[in-house]
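Report on one structure; see the data block that follows.
Each reported figure results from applying straightforward, stated rules to the coordinates on display, with no laboratory input. Nothing here was measured: the structure is a model prediction, and the numbers come from that model. So basically every Cβ, Gly included, is an ideal-geometry build from the backbone, and we count neighbours across all protein chains shown.
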Amino acid sequence: MKLGEQAERQISTVPSGSLALDIALGVGGYPRGRIIEIYGPESSGKTTVALHAIAEVQKQGGQAAFIDAEHALDPIYAQKLGVNIDELLLSQPDTGEQALEIAEALVRSGAVDIIVIDSVAALVPKAEIEGEMGDAHVGLQARLMSQALRKLSGAINKSKTIAIFINQIREKVGVMFGNPETTPGGRALKFYASVRLEVRRAEQIKQGNDMVGNKTKIKVVKNKVAPPFKTADVDIMYGEG
């Protein structure tokens, strides 16, 4: 097949739910058929950003799935963000292998338009769950992610599914110079992701003496579909998004 024979050379996208973020992404939203990583410190608004994407897909009549490896999804909050929780497919798997197998089955079925995995850090390999508390399991999670993404990336592209992986931040030990922060799950996700978003709280929004939300900075750290390193400043209000 010649590249020019493809009817769709323009990347089709889904809005992120924030105009500022759509502009920062450069193509007007999240690209379909690509892997997206959203990472940042705790309580920075990563899941909120992902839930807004789900709400936008559902508005367009699409089907969404949420794999809740952290077992921490609040359905009432999701509903406030515009997510139709009656139609949302939810899975709370026991192991990392189970979570990624479910993700692969959903992607290959072609029935879902967006799939969110929350979070990579919570995808615990089966060997670690079945082992003792003090056992060392070096590189197991990275190997699991590497294998899963090799299998998933082609299927995601063919099915035009948006796959959002939420990730946490860890500190590298003994780093004297440069940034000590890294994301768990090895390097595979960094390679396979077409878009990587870094979400950070900038400052609190006050109403009188009450904290009502956070000013949040979203930086496009990697972008394969448009120029990277753009930032979007958004306000995330408590209980509203």
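Measuring r between the beta carbons of Leu19 and Glu132 and using R0 = 51 Å, the FRET efficiency lands at 0.50.
Here the label points at Gln204 and Lys59, each 7 Å from Cα along the C-beta direction, are separated by 3.0 nm in the simple model.
A simple spin-label model places the labels of Met176 and Lys2 5.9 nm from each other, with each point 7 Å out along Cα-to-Cβ. Once the Cβ-Cβ distance of Ala105 and Asn157 is raised to the sixth power relative to R0 = 22 Å, the FRET efficiency obtained is 0.85.
Taking every DSSP helix (H) stretch of at least 4 residues in the chain, weighting each as -39,500 (n - 2.57) and dividing the sum by the residue count yields a mean residue ellipticity at 222 nm of -8500 deg cm²/dmol. Along the chain, the longest continuous region that contains none of the GluC sites (Glu not before Pro) in a DSSP loop with at most 12 other C-beta atoms within 10 Å is 133-239. Identify, among Gly213, Ser194, Val175, the residue whose Cα sits farthest towards the positive end of the charge dipole of segment 165-216, taking +1 on the Cβ of Lys and Arg and -1 on the Cβ of Asp and Glu, with the dipole about the Cα centre. Result: Ser194.
Using only alpha-carbon positions in segment 1-145, the gyration tensor eigenvalues give semi-axes of 29, 20, 15 Å once each is multiplied by 5 and square-rooted (largest first).
Each of His71, His137 has some number of other Cβ atoms within 10 Å of its Cβ, and from fewest to most they run His71, His137. Within 10 Å, at most 16 other Cβ atoms, and a DSSP state outside H, G, I, E, B define an exposed site. Report the longest part of the chain free of exposed chymotrypsin sites (Phe, Trp or Tyr not before Pro). Formally, the longest exposed-site-free interval is 1-176.
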